[in-house]
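Structure, as C-alpha cells:
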C-alpha cells in the first residue's frame, strides 16, 4: 500500500525536498486559487514594481475557477484547469517565492527549469472529481481581483486535499515517466 505524504502549508524546503514524481500527497492549510487572468494581473503588477495582492512566498496556487457554493458548502465544484495556460507566468511567480502549483496536464520546459532553480513542485489534481475535491475545501474568501468572477484569487482553507506529485523539484516529470513506462520499442 502506498503511503500518502501529509503536507501542511506554507510549504517548506524540508517538506518538499524528498517529494518524488508519483508520490501521493494530502495537503492541509491555506492554498490560493488563481487562473490565467489573475496570473497575468500579478505578473503585470510585478513589471510595474507594484506589490502582489497576496504574498506567494512558500505558498501553493491551485489553477481552478470554482463554481458558486451550494447551501451549506464553502465552495461549488472546484476542479483543476489546464496548467499550460499559466506557463508564461509561473516562472516569475516562482522567482518571488511560489513553492507549489496544482493543476492538470504537462508543463513547459521553461517552467520545469524554473522549478528546479527555485525549488518548487507541481501537483496534479484529480480531474473529473471536482465535486469530491470541493469537500476538502473548508473555507473560501476572495482576496484579489473580484471583478474576474470565477478567476478571482481565492484564499482556501483545505483539509486533506488529495494530489499527486506530477513534477518534483528535481524536474522528474510523471507525465514523461508514464509515457516511457508503457512505450513499446520496435
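The values are calculated or read from the model by the stated rules, or taken from the named source; none is laboratory data. Predicted model, so just to flag it, every value in this text is computed and none were measured. So basically every Cβ, Gly included, is an ideal-geometry build from the backbone, and we count neighbours across all protein chains shown.
For the range 143-160, the set of residues classified as closer than 15 Å to residue 42 by Cβ, out of contact with any helix residue (DSSP H, G or I) (no Cβ under 6 Å at 6 or more places or on another chain) and assigned to a strand (DSSP E or B) consists of 143, 144, 154, 155, listed by residue number. Whether a residue is farther than 25 Å from residue 134 by Cβ, out of contact with any helix residue (DSSP H, G or I) (no Cβ under 6 Å at 6 or more places or on another chain), assigned to a loop (DSSP other than H, G, I, E, B) and modelled with pLDDT of 95 or more was assessed, and residue 185 does not pass this test. If the condition is being over 13 Å from residue 125 (Cβ atoms) and out of contact with any helix residue (DSSP H, G or I) (no Cβ under 7 Å at 6 or more places or on another chain), then the range 161-172 contributes 168, 172. Among what's in the range 88-98 and is surrounded by 20 or more Cβ atoms within 10 Å (Cβ to Cβ) and assigned to a loop (DSSP other than H, G, I, E, B), pick the residue that is farthest from the chain's Cα centre (by Cα). Filtering the range 88-98 for residues that are surrounded by 20 or more Cβ atoms within 10 Å (Cβ to Cβ) and assigned to a loop (DSSP other than H, G, I, E, B), the one farthest from the chain's Cα centre (by Cα) comes out as 89. Could we say that residue 133 is over 12 Å from the mean Cα position of the chain (by Cα) and closer than 20 Å to residue 56 by Cα here? When the stated conditions are applied, residue 133 does not pass them.
Would you point out the residue of the range 77-87, among those that are over 16 Å from residue 27 (Cβ atoms) and either modelled with pLDDT under 85 or not in a loop (DSSP other than H, G, I, E, B) (or both), that is farthest from the chain's Cα centre (by Cα)?
77
When the residues of the range 33-62 are filtered to those that are farther than 13 Å from residue 11 by Cα and under 14 Å from the mean Cα position of the chain (by Cα), which remaining residue is surrounded by the fewest Cβ atoms within 10 Å (Cβ to Cβ)? Ranking the qualifying residues of the range 33-62, first place goes to 36. Restricting 66, 53 to those that are outside any strand (DSSP E or B), closer than 23 Å to residue 149 by Cα and touching a strand residue (DSSP E or B) at 6+ places or on another chain (Cβ under 6 Å) reduces the list to 53. One residue stands out in the range 108-119 among those that are touching a strand residue (DSSP E or B) at 6+ places or on another chain (Cβ under 9 Å) and more than 18 Å from residue 38 (Cβ to Cβ): the one that is surrounded by the fewest Cβ atoms within 10 Å (Cβ to Cβ), namely 112.
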